[in-house]
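Below is one structure. I have some questions about it.
The values are calculated or read from the model by the stated rules, or taken from the named source; none is laboratory data. Just so it is clear, the structure is predicted and the values come from calculations on it, not from any experiment. Every residue, glycine as well, gets a Cβ built from its backbone with ideal geometry; the counts of neighbours run over all protein chains shown. What goes into the accessible areas is simple: the full protein's heavy atoms, side chains included, and nothing from ligands, DNA or RNA. Shrake-Rupley method; radii C 1.70, N 1.55, O 1.52, S 1.80 Å.
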Amino acid sequence: MQHFRLDKWLWNCYLRGSMRSILIILTGIMMVFSAVAETVTALRPAIKEAAAKHGVDPVLMEAIIRHESANATSAAARRKNNLAGIMGKRGQRKYESKEACVHDLAQILAKYHAKGRKTVPQIARAYCKSTGPWIRHVNSYMNRIRKGEFGAL
């Protein structure tokens with residue numbers, strides 16, 4: 001069975017001068033990724049509620065969620081409703097809903113805050129193994145969220 005290869009198809013379209021076909025495909029791909037990014041934006045009410053309840057920064061929570069779940073596209077986000085890469089004793093935790101994961105993340109961040117871990121680098125040391133990239137990505141998402149790249153807060 002021969003598999004469809006998008007890269008070969010796009011190259012063949014380019015060689016044949018079918019730029020219109022390439023633009024249609026790329027526009028479709030961009031629309032899919034944009035719709036997926038909206039999944040996290042739709043969770044903002046739950047993020048704000050959980051952040052307020054536990055006294056943590058909602059922008060930090062959204063940034064962690066966007067980074068850890070690749071904007072809700074990761075396997076853990078889709079199969080386990082685990083948007084934040086939260087680990088349990090047997091690997092990534094499974095949640096009944098995305099909102100349940102959001103509330104768990106807020107509780108975790110509140111515990112870090114109580115122990116004096118308030119900055120992204122301080123949180124990273126407890127939250128993940130690869131601190132450098134994690135810090136850069138979370139800070140980048142925080143800046144993008146604050147600039148309104150994902151819609152108004």
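Could you sort out which of LYS89/LYS129; LYS48/LYS147; LYS48/LYS80; LYS118/LYS147 sit more than 20 Å apart by Cα distance in this structure?
Numbers: LYS89/LYS129 16 Å; LYS48/LYS147 17 Å; LYS48/LYS80 22 Å; LYS118/LYS147 22 Å.
Cα-Cα > 20 Å for LYS48/LYS80; LYS118/LYS147; rest within.
Just subtract the alpha-carbon distance of GLU38 and ARG79 from 0.36 nm times their residue separation and send over the number in nm, one decimal.
Numbers: separation 41, 0.36 × 41 = 14.76 nm, distance 1.80 nm.
This chain segment gains 13.0 nm when fully extended.
May I pose another question? Considering only protein heavy atoms, what is the solvent-accessible area of SER69 at a probe of 1.4 Å, reported in Å² to the nearest 10?
My reading of the accessible area for SER69 is about 0 Å².
Find the accessible area per residue for the stretch 30-153; the probe is 1.4 Å, ligands and nucleic acids are left out, and the unit is Å².
Values: 7010 Å² over 124 residues.
Ligands and nucleic acids excluded, the figure is 57 Å² per residue.
Now, a different point. Along Cα→Cβ, 7 Å out, is where each label goes; now give me the distance between the ones at ARG16 and THR119 in nm to one decimal.
Result for the modelled spin labels: 5.7 nm.
Any idea how far the Cα center of the stretch 45-85 sits from the one of the stretch 88-139, in Å?
Between the Cα centre of the stretch 45-85 and that of the stretch 88-139, the gap is 9 Å.
For the residue pair ARG90 and ALA152, what label-to-label distance in nm results when each label sits 7 Å from Cα along the Cα-to-beta-carbon direction?
4.6 nm
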